[in-house]
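Values quoted throughout were computed directly from the atomic coordinates according to the rules given, and no laboratory measurement underlies them. Computed from a predicted structure; not experimentally measured. Counting neighbours? That spans all protein chains shown, and the Cβs are built from the backbone with ideal geometry, glycine included.
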Ligand code: 23J
Ligand code: MN
């Protein structure tokens, strides 16, 4: 039995800190741009219903319009063809939304090369230093990319050849899918795959492998530099959209101060 009253007391006295890993959601929040022959996701938009006015004298509220995959969001297994018969976002068990976090940091490599892709050797080096990635963990991939998160052009880092943002090699995606029991992977970029992943073999290996293995993706995280390498607990809270392939989500980390 876990010490939940101890945790509750630690939350109240601040000895366990809650760190928000979520990017703010507004009309300027960066979205993924796919090649123009494909359908495109929508930006986040608020539509005013009333603001203490004739439409509602004592209340302010909005409707909103958004893509499922806009801003900090969750990729459910059915998002990809490899997971098409697996859970939609409403079916993902709540027990599998919370877990220990491990942080793999490649900020230095990404600063030198924005197309840097985490490889199996990087994961094995991390495991040699820190122990095996625990069952039920969120693997958080720290790249420093969130520093561009308020500037959509810098965040996409696109040229004539497409976007240049970090990701995983196909071999690393396969390793995480098949050789680990992680819940999924969280990243600082617009998607879990590298900007150049359309040209990988297979294309979009992280989506292909993780979704096919009933694992999850979480994107556009911030504040990963505030987490310990191991020891945090991460809570990912997507909306239970029936038949949804994902959802904008709040991502919170509990950290011992
Ligand atoms: C659809 C196609 C390709 C990609 C994505 C979506 C995402 O990154 C996403 O948000 O799931 S790469
Ligand atoms: Mn997505």
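To the nearest 500 deg cm²/dmol, what mean residue ellipticity at 222 nm is calculated for the chain from DSSP H runs of n ≥ 4 alone, each contributing -39,500 (n - 2.57), summed and divided by the residues? Don't skip to the answer; put the middle values down first.
Working: 6 runs with 50 residues, N = 257.
Helix contribution divided over all residues of the chain: -5500 deg cm²/dmol.
For residue 119 and residue 178, a Förster radius of 25 Å and the Cβ-Cβ distance give a FRET efficiency of 0.95, rounded to the nearest 0.05. By the count of other C-beta atoms within 10 Å, a proxy for reagent exposure, 230, 22, 165 are ordered fewest to most as 230, 22, 165.
Counting every other Cβ atom within 10 Å of each residue's Cβ, 46, 21 order from fewest to most as 46, 21.
Model label points for residue 130 and residue 2, set 7 angstrom from Cα along the Cα-to-Cβ axis, are 1.9 nm apart.
Fraction of C-alpha pairs exceeding 19 angstrom in the range 1-59: 67 percent, rounded to a whole number.
Could the peptides 193-206, 210-223, 150-163, 53-66 be put in order, highest first, of the mean number of other beta-carbon atoms found within 10 Å of their residues? Write out the running numbers ahead of the final one.
Numbers: 193-206: 18.9, 210-223: 23.9, 150-163: 13.9, 53-66: 10.7.
Going by the mean number of other Cβ atoms within 10 Å, highest first, we get 210-223, 193-206, 150-163, 53-66.
Computed over the alpha-carbon pairs of the chain, the distance histogram in 10 Å steps reads 7, 30, 36, 19, 6, 2, 0 percent, short to long. Computed from the C-beta positions of residue 48 and residue 158, the FRET efficiency with R₀ = 35 Å rounds to 0.60. Binning all Cα-Cα separations of the range 173-239 at 10 Å, short to long from zero, yields these whole-percent fractions: 19, 48, 30, 3.
Please give the FRET efficiency for residue 201 paired with residue 94, using the beta carbon to beta carbon distance and R0 = 51 Å, rounded to the nearest 0.05. Can you show the working numbers first?
Numbers: r = 36 Å, r/R0 = 0.70.
Rounded to the nearest 0.05, the efficiency is 0.90.
Computed over the range 1-131, the quotient of the alpha carbon radius of gyration and 2.2 N^0.38 Å is 1.50.
May I ask what percent, to the nearest 5, of DSSP beta bridges between residues of the chain are antiparallel? Walk me through the numbers before you get to the answer.
Details: 30 of 44 bridges.
Here the share of antiparallel DSSP bridges comes out near 70 percent.
So for each of 241-248, 167-174 I average, over its residues, the number of other beta carbons within 10 Å; can you give me the resulting order with the highest mean first?
Values: 241-248: 18.2, 167-174: 22.5.
My ranking of the peptides, most packed first, is 167-174, 241-248.
Arrange the peptides 121-134, 6-19, 72-85 so that the one whose residues have, on average, the most other Cβ atoms within 10 Å appears first. Please report the intermediate quantities before stating the final value.
Working: 121-134: 14.1, 6-19: 12.4, 72-85: 21.4.
Per-residue mean Cβ counts within 10 Å order the peptides as 72-85, 121-134, 6-19.
When 98, 182 are arranged by Cβ crowding within 10 Å, least crowded first, meaning fewest neighbours, the order is 98, 182.
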